[in-house]
Amino acid sequence: MRTLNPRLDIDLAAICANYRLIAAAARGAEAAGVVKCDAYGLGAEAVGRALRRRENCRSFFVAYCEEGAALRQAIGPDAEIFVFNGPIEEGLLAYSANALTPVLNTVEQAGLWAREMPDTPAALHIDTGMNRLGLGPEEIPAIRSMRGLNIDVVMSHLSCASDASHPMNDRQHQIFSEIARAFPRARKSFASSGGALISNEYAFDMMRIGVGLYGVNPLDAAPNRFAAVATLTAPVIQLHAIRAGEAVGYGATFVAEKELRLATALLGYGDGYPRAASNRGAAYLAGALCPIVGRISMDLIVLDVSAAPDSLAIGDRAEFFGLNHPIDAAAAACGTIGYELLTGIGGLARDRKGLGGRVHRRYLWNGSPAPEDLAGAEGI
Ligand SMILES: *Cc1c(COP(=O)(O)O)cnc(C)c1O
């Protein structure tokens, strides 16, 4: 069945180019692909295959062991898959069945792993100041005296990686360097996308790269060095004109000051596009950036297309972020960040056979349909 739908185009070649950019900046450190949350909504299986098969990426991070199991199916046996959330007793079988490596975040998780999976490699997460997840420095002696624990990777996470000049960065780096010395045989991992750009000193042995791969700028105050990856477009299903004084949308929050041409596009907050962009955001259509007017509703967004050419027609696609309208600008107009915009749209797109899946995903390679060995039979 062919219907008019919003569409999320994902260029896997751009993801690979972004991977190479980071890997080249790393002076020998390994770049691991962070593909948690279904690769930030873009599809962990296709992204994992592209990084594994085209870039020889050998290490991946997911949040849940279910994500790890699905990724293992997609990329095969010859890569390491780390699970950020760490193990619980009932879930241990999934680790051995899918050759997953846990990130141990607490003394309890470390004890469980040492007892049930003795000498099996694990990563250790040290909290160096973010106070979110990981072991505090005072817990390290308990870890070191634990028998059966095989710590292969020691990692920590920056809390201010988007701000290159934040003093937290160096403070965390110092604490991490000191604690990591207690594990001389383990590989060290510290930087996410932002950290990798801030300093070569942060690269250590393995960087964990997420958002940069997906074309979002990891730094607040620097130009984006990554190529655009994801493009969200929605078809126009109605065109009409309004006179000065007429209102648009629920609550009549927008009132035209002059005659305007409007286009109604098939996209709404039900597809994960934030309602917060009402009367603030914009979409790129027929060569012009067209403001969103009125409130965004569940299925529909109205654009002021007065600046677009007369040739604009039903079925033309408005770009809500992508090559012509950068995702970081679109996210800012929604009062959020690229991470949330991507995972919000992509989270609903993933389940597109279900009722929520109205945004169709399409995988590309340099603008053409992606090869099936990457996209899978379903992805095109
Ligand atoms: C999500 C995450 C990353 C990746 O961060 P990006 O900013 O997307 O590169 C790395 N490490 C940890 C612990 C994470 O939770």
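The values are calculated or read from the model by the stated rules, or taken from the named source; none is laboratory data. Please read all numbers here as calculations on a predicted model, not as lab measurements. Because the Cβ atoms are built from the backbone with ideal geometry, glycine has one as well, and the counts that use them run over all protein chains shown. Calculation scope for accessible area: heavy atoms of the full protein, side chains included, ligands and nucleic acids excluded. Shrake-Rupley method; radii C 1.70, N 1.55, O 1.52, S 1.80 Å.
Figures for the structure shown
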item: Alpha-carbon spread of segment 191-314, three principal axes, descending order, Å; result: 62, 30, 23
item: Sequence-separation-based contact order of the chain, relative, with Cα cut under 8 Å and 6+ spacing, percent; result: 19 percent
item: FRET efficiency estimate (nearest 0.05) - Cβ-Cβ, THR120 to GLU178, R0 35 angstrom; result: 0.85
item: MET298/ALA252 FRET efficiency (R0 25 Å; Cβ-Cβ; nearest 0.05); result: 0.90
item: Over segment 229-315, relative contact order from alpha-carbon pairs under 8 Å, at least 6 apart, %; result: 31 percent
item: Derived scalar couplings ³J(HN,Hα) [segment 254-267; Karplus, 6.51 cos²θ - 1.76 cosθ + 1.60; whole Hz; x for Gly, Pro]; result: 10, 10, 5, 8, 8, 5, 9, 9, 10, 10, 9, 10, 7, 6
item: Lys/Arg +1, Asp/Glu -1 at C-beta; segment 1-143 dipole; positive extreme among CYS65, GLY134, LEU42; result: LEU42
item: Distance in nm between pseudo-label sites at ALA25 and GLU201 (7 Å out along the Cβ direction from Cα); result: 1.7 nm
item: Accessible area of the chain belonging to carbon and sulfur atoms, whole % at 1.4 Å probe; result: 51 percent
item: Heavy atoms of LEU239 accessible to a 1.4 Å probe, total area in Å² rounded to 10; result: 60 Å²
item: Cβ-Cβ FRET estimate between ARG144 and ASP373, R0 fixed at 56 Å, reported to 0.05; result: 0.80
item: Under 5 Å, built H, 5+ apart or other chain: amide partners of GLY136; result: ASP127
item: Nearest-ten-degree value, helix 107-116 long axis tilted from longest Cα axis of the chain; result: 70 degrees
item: Charge dipole (debye, nearest 20) of the chain; +1 at Cβ of Lys and Arg, -1 at Cβ of Asp and Glu; result: 420 debye
item: Probe 1.4 Å, protein heavy atoms only - accessible area per residue of the chain in square angstrom; result: 44 Å²
item: Stretch gain in nm, segment MET130-ALA221, where the contour uses 0.36 nm per residue and the Cα spacing is subtracted; result: 30.6 nm
item: Cα long-axis angle, helix 338-350 against the chain (0 to 90 degrees, to the nearest 10); result: 80 degrees
item: Value of Rg to Rh for the chain (Rh from inverse mean 1/r over Cα pairs, i.e. Kirkwood); result: 1.03
item: Value of [θ]222 nm, deg cm²/dmol, for the chain, DSSP H segments ≥ 4, -39500 (n - 2.57) each, nearest 500; result: -8000 deg cm²/dmol
item: With Cα atoms, 0 to 90° folded angle of helix 12-25 axis to the chain main axis; result: 50 degrees
item: Cα-centred dipole magnitude for segment 201-289, charges only on beta-carbon of K, R (+1) and D, E (-1), debye, nearest 20; result: 240 debye
